[in-house]
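Notes to accompany the following structure.
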Protein chains: 2
Amino acid sequence: MRAGAYRSGIVMADTKLQSCATNLKGVILDMCGVLYDSGAGDGVAIPGSVEAVRKLKASDLTLRFCTNETQASRKKFVAKLQRLGFDISVGEVFSPAPAAVAVLRERGLRPHLLVCDGVLPEFDGVETSDPNCVVIGDAAEKFSYANLNEAFRVLIGLEKPTLFSLGKGKYYKETDGLSLDVGVYMKALEYACDVEAEVIGKPSAAFFRSVLNDMALQPHEVMMIGDDLVNDIGGAQQCGMKGVQVRTGKYRPSDQSHPTVTADGTADDLARAVDVILSCRRRP
Amino acid sequence: MRAGAYRSGIVMADTKLQSCATNLKGVILDMCGVLYDSGAGDGVAIPGSVEAVRKLKASDLTLRFCTNETQASRKKFVAKLQRLGFDISVGEVFSPAPAAVAVLRERGLRPHLLVCDGVLPEFDGVETSDPNCVVIGDAAEKFSYANLNEAFRVLIGLEKPTLFSLGKGKYYKETDGLSLDVGVYMKALEYACDVEAEVIGKPSAAFFRSVLNDMALQPHEVMMIGDDLVNDIGGAQQCGMKGVQVRTGKYRPSDQSHPTVTADGTADDLARAVDVILSCRRRP
């Protein structure tokens, strides 16, 4: 690509992003792949993202974080982000496990849980004996054949198999490469049992609405920034929000020609997105 | 159900089966769930099935066995059946792994194999370095998160991800309960990589045609007997054969109201099916 064409591409991207920032009152940030890449230990912060969060907090925008992270409790997860340098607190973070607990209580369901040990504290006090539904999260290494088969046997033994999936992502990026996410195992159990899972977390509209409710903002006043075109951008757009994709995390060039979802704006990373959004807000 | 209604149900089932046996020249038998139930050790022969195979062999019908078994090489698999008492030889058994090897050679493909160790001898001599496709079989315990992720990374790294699945069964019956089959993991990888797998084995028409070719019979002259409504019965019917379901193995009462596949005949087990088929052939 000629340097001129490249520069003109950047200008066009910035212009689209600026138009998304019109009348903006709040921003929801995806976390993994936007703030940091997961991997060994705490993973690594994506360059510029710690400072970008600091700038957003110093602005007049309302900020929330929305993740499909289900490997740890919110408390431990937020502690990790704090160690990576982020100014963030538990109350600002929305994740699927607490939302699932609310649904289970509301419907009087007793789950068989196939989730990471780290997220089990979120389910403290939930009755799990004689299960009448299955909840799967990003169980990673716990997605052994034996464990998946156990969940399958519970489901297939129910008169009306009920499966909840904490998100439906295909994969995420770790420091050593891409890793399969919970959605892949959701599809496996859906096929095995001829059922359709109820997804809790992004891109579920109910999940996004609970975040908007907490922000006390209308959808058109809020922008979602994420790396997952379908679950972050597509999900937010379905709710009436603007969706901006960053080219970090699980972003792939083929996202730009996705058959059903087109981002309202794009940026190389969160730092760039925040600079463009805030710069255009400071204009007269 | 009243005893009279039950008896009349049996008579109706037998009549349908007899009409399937008209002009019959050959029979293809599914193996797991029809001849035996898998499980600890060699599993157990289903009562009456050893004798049923003996009767078929003593008749004028051409007999073949067709399995999606991919946990062992045909040689070891047949030896197990022989230990269970069956009169059976390797040349009579059609299974997906040798069919896959033929496809790989024809298309010059180098597979990443996610299969049971037991079936690896079938792939002896197949080049597996620098893989440009993935082959999955019923890997059972080898379907760990790490192994599935490794297969995923190979696929997603290919310009045109090519996935072969040795069968697409949902589950099979072991002596201690139902167990997930390869199709479930096929769906998982299909979703992860946005690809459609090429299925080798039942219900693939190419696979059934290779059996018919070996029998030197036309589809309408042959009956397939199996416990899997979709893969055995539906697959055979798609090829123009009659499909008869036995109520052993993975049979479930809901099969009788399946939205797309209706068996041409049913029987309690293989012994009953064979008795009805042979008795009507002996009639004048």
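Select from the range B:175-193 the residues that are within 12 Å of another protein chain (Cβ to nearest Cβ), in contact (Cβ under 8 Å) with a residue 24 or more places away in the chain and open to solvent by 30 Å² or more (accessible area, probe 1.4 Å) and list them in ascending order. Within the range B:175-193, B:D176, B:L178 qualify.
Taking only the range B:212-230 into account, find how many residues are touching a Pro at 6+ places or on another chain (Cβ under 8 Å) and either under 20 Å from B:N23 (Cα atoms) or open to solvent by less than 10 Å² (accessible area, probe 1.4 Å) (or both). Counting residues in the range B:212-230 that are touching a Pro at 6+ places or on another chain (Cβ under 8 Å) and either under 20 Å from B:N23 (Cα atoms) or open to solvent by less than 10 Å² (accessible area, probe 1.4 Å) (or both) gives 1. With respect to the conditions (1) in contact with an Asp or Glu (Cβ under 8 Å, 6 or more places away or on another chain); (2) farther than 21 Å from B:D268 by Cβ, B:M215 lacks only one, and its number is (1). Within the range B:256-279, at least one residue is polar (S, T, N, Q), within 25 Å of B:E51 (Cβ to Cβ) and in a helix (DSSP H, G or I). Taking the criterion of being surrounded by fewer than 15 Cβ atoms within 10 Å (Cβ to Cβ) and under 15 Å from B:K142 (Cβ atoms), would at least one residue in the range B:98-118 satisfy it? Within the range B:98-118 (the criterion being surrounded by fewer than 15 Cβ atoms within 10 Å (Cβ to Cβ) and under 15 Å from B:K142 (Cβ atoms)), the answer is yes, since at least one residue qualifies.
Can you tell me which residue within the range A:136-174, out of those that are among the aliphatic types (A, V, I, L, M) and closer than 25 Å to A:G43 by Cβ, is nearest to the other protein chains (Cβ to nearest Cβ)? Out of the qualifying residues, it is A:A140. Residue under question is A:P98, and the condition is that it be more than 14 Å from chain B (Cβ to nearest Cβ), not in a helix (DSSP H, G or I) and not small (G, A, S); does it hold? Here the answer is no, as A:P98 does not meet what is asked. In the range B:18-72, of all residues being aliphatic (A, V, I, L, M) and modelled with pLDDT under 90, the one that is surrounded by the fewest Cβ atoms within 10 Å (Cβ to Cβ) corresponds to B:A40. The residues in the range A:137-174 that are in contact (Cβ under 8 Å) with a residue 24 or more places away in the chain, touching a helix residue (DSSP H, G or I) at 6+ places or on another chain (Cβ under 7 Å) and open to solvent by 40 Å² or more (accessible area, probe 1.4 Å) can be counted, and the count is 1.
The values are calculated or read from the model by the stated rules, or taken from the named source; none is laboratory data. Predicted model, so just to flag it, every value in this text is computed and none were measured. When we count neighbours, we look across all protein chains shown, and the Cβ atoms used for this are built from the backbone with ideal geometry, even at glycine. With ligands, DNA and RNA removed, areas are computed over all heavy atoms of the protein, side chains included. Shrake-Rupley method; radii C 1.70, N 1.55, O 1.52, S 1.80 Å.
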